[in-house]
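J.: Just dropping this structure here.
The values are calculated or read from the model by the stated rules, or taken from the named source; none is laboratory data. Computed from a prediction, not measured in an experiment: that's the story for all the values here. Quick reminder, even Gly has a Cβ in these numbers, built from the backbone with ideal geometry, and neighbours come from all protein chains shown.
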Amino acid sequence: MATAGRPTTFMERVKELDLFFQGKDPVHKTMRRIVKRLEKAKIPYVVVGGMAVFAHNHRRATNDVDVLLTQEGFDEFRRRFVPKNYDPSSKGKRRFVDKSSTITVDILITGLYPGSGRPGPIAYPDPSSMSEVIDDVRVLDLPTLVQLKLAARRWQDFADVVQLIRQNNLDESFENKLHESVRGDFIECLEEKRREDEYENQP
């Protein structure tokens, strides 16, 4: 969790986290605001990243909003909303700051690649596909979310997959929904979840 003028005391941070888990914090408000704007502008989108993980039952906090657009949708987003509603960030050409909340918004583009960005067998899909609506927000569906996180090959993404397996009761049958290039990584995450469960259940 991070905002401008962020809380500095322990109790302030606890309160901030409590608001997040209630969906009343600046990150959720920023997500709902951009979703409303994109829908009104008829720009196809899907929420990805930490907020999609949260929507799929892994209740962890995040401090930004990741949205997947096509290149055409991104061009229209910039034309309509930058700099009116979002300031460009110096930290990336597709990173913006919501003027109302100072929360970071990262835009991902269909056809580009997760993680390092180097070409691979798995790319970001068209936002019009591979999505579902949860709490009135269009988010990446679970198989695609897991697949992209495995393809990104970052420790946080693997940790997210372990928790998504746990919170959604996934088993070996789920690997058939994934690209063959990440099935081995999925099974390793599944085994890690089982190792953690075994450790937690020790007398």
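J.: Can you pull out every residue in the range 41-87 that is over 16 Å from Val133 (Cβ atoms) and in a strand (DSSP E or B)?
T.: Asp64, Val65, Asp66, Leu69, Tyr86, Asp87
J.: Answer yes or no as to whether Ala159 is under 23 Å from Ile187 (Cα atoms) and either of a type in the set (Ser, Thr, Tyr) or touching a residue at least 24 places away in the same chain (Cβ under 8 Å) (or both).
T.: Working: under 23 Å from Ile187 (Cα atoms): yes; either of a type in the set (Ser, Thr, Tyr) or touching a residue at least 24 places away in the same chain (Cβ under 8 Å) (or both): no.
Against the criterion (under 23 Å from Ile187 (Cα atoms) and either of a type in the set (Ser, Thr, Tyr) or touching a residue at least 24 places away in the same chain (Cβ under 8 Å) (or both)), Ala159 does not qualify.
J.: Then there's this: Can we say Thr8 is among the hydroxyl-bearing types (Ser, Thr, Tyr), farther than 24 Å from Phe158 by Cα and either outside any helix (DSSP H, G or I) or modelled with pLDDT of 90 or more (or both)?
T.: yes
J.: Mind checking which residues of the range 55-87 are at pLDDT 95 or above and more than 24 Å from Ala123 (Cβ to Cβ)?
T.: Selection gives Asn57, Arg79, Arg80, Phe81, Val82, Pro83, Lys84, Asn85, Tyr86, Asp87.
J.: Say whether the condition of being under 20 Å from Ile43 (Cβ atoms) and either without any contact (Cβ under 8 Å) to a residue 12 or more places away in the chain or in contact with an Asp or Glu (Cβ under 6 Å, 6 or more places away or on another chain) (or both) is met by at least one residue in the range 141-155. Lay out the reasoning, then the answer.
T.: To start, the set of residues in the range 141-155 that are under 20 Å from Ile43 (Cβ atoms) comprises 141, 144.
Applying the additional criterion that residues be either without any contact (Cβ under 8 Å) to a residue 12 or more places away in the chain or in contact with an Asp or Glu (Cβ under 6 Å, 6 or more places away or on another chain) (or both) yields 141.
Yes, the range 141-155 has at least one match.
J.: Only one residue in Val139, Val133 is under 26 Å from Ile34 (Cβ atoms), touching a strand residue (DSSP E or B) at 6+ places or on another chain (Cβ under 8 Å) and surrounded by fewer than 19 Cβ atoms within 10 Å (Cβ to Cβ), so which one is that? I'd like the intermediate steps shown before the answer.
T.: Details: Val139 fails: surrounded by fewer than 19 Cβ atoms within 10 Å (Cβ to Cβ).
Val133 is the lone residue from the list that is under 26 Å from Ile34 (Cβ atoms), touching a strand residue (DSSP E or B) at 6+ places or on another chain (Cβ under 8 Å) and surrounded by fewer than 19 Cβ atoms within 10 Å (Cβ to Cβ).
J.: Is it the case, given these coordinates, that Leu38 is modelled with pLDDT of 95 or more, assigned to a helix (DSSP H, G or I) and not polar (S, T, N, Q)? Write out each step before concluding.
T.: Working: modelled with pLDDT of 95 or more: yes; assigned to a helix (DSSP H, G or I): yes; not polar (S, T, N, Q): yes.
The answer is yes for Leu38.
J.: Quick check on my filter: what residues within the range 48-59 are surrounded by 24 or more Cβ atoms within 10 Å (Cβ to Cβ) and either in contact with a strand residue (DSSP E or B) (Cβ under 6 Å, 6 or more places away or on another chain) or polar (S, T, N, Q) (or both)?
T.: Once the filter is applied, which keeps residues that are surrounded by 24 or more Cβ atoms within 10 Å (Cβ to Cβ) and either in contact with a strand residue (DSSP E or B) (Cβ under 6 Å, 6 or more places away or on another chain) or polar (S, T, N, Q) (or both), the range 48-59 yields Val48, Ala52.
J.: I would also like to ask the following. Quick one: which residue in Arg60, Arg154, Arg78 is farther than 30 Å from Arg195 by Cα and charged (D, E, K, R)?
T.: Exactly one residue qualifies, and that residue is Arg78.
J.: I'm told Arg118 meets every condition in (1) more than 22 Å from Ala55 (Cα to Cα); (2) in contact (Cβ under 8 Å) with a residue 24 or more places away in the chain except one. Can you identify the failing condition by its number?
T.: (2) is the only condition that Arg118 fails.
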